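K.L.:
First, the structure itself, so that you have it in front of you.
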């Protein structure tokens, strides 16, 4: 799903160029890029942690099931 079309991106770029100026625009874009990179990395780590917890839960359930089956023999 696209949040903005090319016209909106062009408008925002021109607006930022006018408000911020050509001198400071690269610095600000670099800062935003680093921020979003950090945010993306944190979200991947967060999702990986949930997947690890889910995997541990599945392993424990399988272990309990195997123990129950073994006790029934």
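The values are calculated or read from the model by the stated rules, or taken from the named source; none is laboratory data. Keep in mind that this is a model prediction, so the values were computed, not measured. Neighbour counts run over all protein chains shown; Cβ positions are idealised from the backbone, glycine included.
K.L.:
Condition test on residue 56, is it loosely packed, with under 10 Cβ neighbours inside 10 Å and part of a helix (DSSP H, G or I)?
P.N.:
Here the answer is no, as residue 56 does not meet what is asked.
K.L.:
If you don't mind, there's one more thing I want to ask. Inspect region 5-27 for any residue being within 24 Å of the chain's Cα centre (by Cα) and either part of a loop (DSSP other than H, G, I, E, B) or on the phi > 0 side of the Ramachandran plot (or both) and give the result as yes or no.
P.N.:
Yes, that holds for at least one residue.
K.L.:
With respect to residue 32, determine if the residue is under 16 Å from the mean Cα position of the chain (by Cα) and at pLDDT below 95.
P.N.:
yes
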